[in-house]
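Reading through the structure tokens given below for one structure.
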Amino acid sequence: MELLITGGAGYIGSHAAQRALADGHRVVVLDNLDRGHLGAVERLRARAGEQLRFVEGDFGDERLLERVFSENQFDAVLHFAALTYVGESVAQPVRYYQNNTGSAATLLEAVDAAGVERFIFSSTAATYGEPGPEHIPIRESCPQAPMNPYGRSKLATEHMLADLSEAKRRAGQPFAAAALRYFNVAGADRTGLLGEDHDPETHLIPVILQAALGRRDAVNIFGTDYDTPDGTCVRDYVHVEDLVDAHMAVMGDLDPDAEEGARRFRAFNLGIGRGYSVLEIIEAVREVTGASFTVREGERRPGDPPTLFADASKIAEELGWRASVTDLGEIIDSAWRWFKANPNGYS
Ligand code: UFG
């Protein structure tokens, strides 16, 4: 298939591009390199050659989209590009809506006009907000009540996509879409080509690994007084390679000609289905790395729900996808190898 991958120079998008290329798809990566890395695209291109093309630009740039869509006949769009920092979204909400929702509308208009039949959207567990204990583990039917502009900007795009799918079904036009709600994505490509490179880095596992490498003074635990077994927050960490496999499984199962609306737009949780606390992650990093580093107990970070982990049975039942890596040590080990080999990321 011919695929457009927005955000394909970023952490998850580059892993998806790699997987798509390995499966024999032709890929156009569209990335404005604001947060993505040319180095990731270059590494991919060194392996894939002409099968991969790179367009530098913004997915909200209408004229650029017109050109890209007229030059290619995409079978599917995988839309990873987004702003993804919860804290930043609280400080700059309009920027988040502008990008994650407004630019997504521009992209969907181009998709609609070009008659692209498949669309996969990177959504987030943040669209669930702070589910009560009766909703843990979280099913797709859990009420979506995001607590921050990031989650709301993503949820609005889910709605837009569901509405577009329905409108095209009613109009008798082929189109099917999926929103994939990621839990905590972690780890790195096990061939060593790609990994996580964020600036600033705020995610727990890379932060601890940077401390283990001596590139950070200490790890701060954001809150030890949560109502969880050890008082620290619990999250569901899914390996990035498993996550991108799920995209391929979903893409293969989208049915643009389905008669029922429920087949035209689908949402799936992507997680391993169990949670680990911050303290468990710190311990696992100590075991994998053998490094000692300072850990400080700090205040809660605003907006962090105590416990989030997926009930990922829907995608298992419908598509047979399950995370293959459920061992925390293995997830951390793949990230550790990336950070040791690429201490300065792609630069
Ligand atoms: N944490 C620390 N110290 C740190 C960094 C994180 O204690 O230095 C804690 C956080 O408080 C949280 C857990 O580690 O409890 C995981 O934090 P991350 O920042 O790694 O990930 P989040 O769970 O906050 O965020 C992830 C995604 C977001 C998404 C969110 C859904 O990265 O895109 O899940 O809630 F919005």
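The values are calculated or read from the model by the stated rules, or taken from the named source; none is laboratory data. Since the model is a prediction, treat every value here as computed from it, not as a measurement. Quick reminder, even Gly has a Cβ in these numbers, built from the backbone with ideal geometry, and neighbours come from all protein chains shown.
Things to note:
- Total residues in segment 166-177, condition within 14 Å of Asp257 (Cβ to Cβ), surrounded by fewer than 22 Cβ atoms within 10 Å (Cβ to Cβ) and of a type in the set (Gly, Ala, Ser): 2
- The residue that is surrounded by the fewest Cβ atoms within 10 Å (Cβ to Cβ), counting only those in segment 182-200 that are near the ligand (Cβ under 9 Å from one of its atoms) and not aliphatic (A, V, I, L, M), is Asn184.
- Filtered residue count, segment 260-290, keeping only those that are touching a residue at least 12 places away in the same chain (Cβ under 8 Å) and either β-branched (Val, Ile, Thr) or over 26 Å from Tyr226 (Cβ atoms) (or both): 14
- Strands (runs of 3 or more DSSP E) enclosed by segment 203-298 - at least 2 residues per element that are within 12 Å of the ligand (Cβ to nearest atom) and over 30 Å from Lys314 (Cβ atoms): 218-222, 294-298
- Scope segment 164-223; condition more than 25 Å from Thr127 (Cβ to Cβ), in contact (Cβ under 8 Å) with a residue 12 or more places away in the chain and of a type in the set (Val, Ile, Thr); matching residues: Ile208, Val219, Ile221
- Matching entry among Arg274, Arg264 (being at pLDDT 95 or above and within 30 Å of Gly172 (Cα to Cα)): Arg264
- Residue count, segment 171-202 (criterion: more than 25 Å from Glu130 (Cα to Cα), charged (D, E, K, R) and touching a helix residue (DSSP H, G or I) at 6+ places or on another chain (Cβ under 9 Å)): 4
- Of everything in segment 128-148 that is surrounded by fewer than 23 Cβ atoms within 10 Å (Cβ to Cβ) and outside any loop (DSSP other than H, G, I, E, B), the residue that is nearest to the ligand (Cβ to nearest atom) is Ile138.
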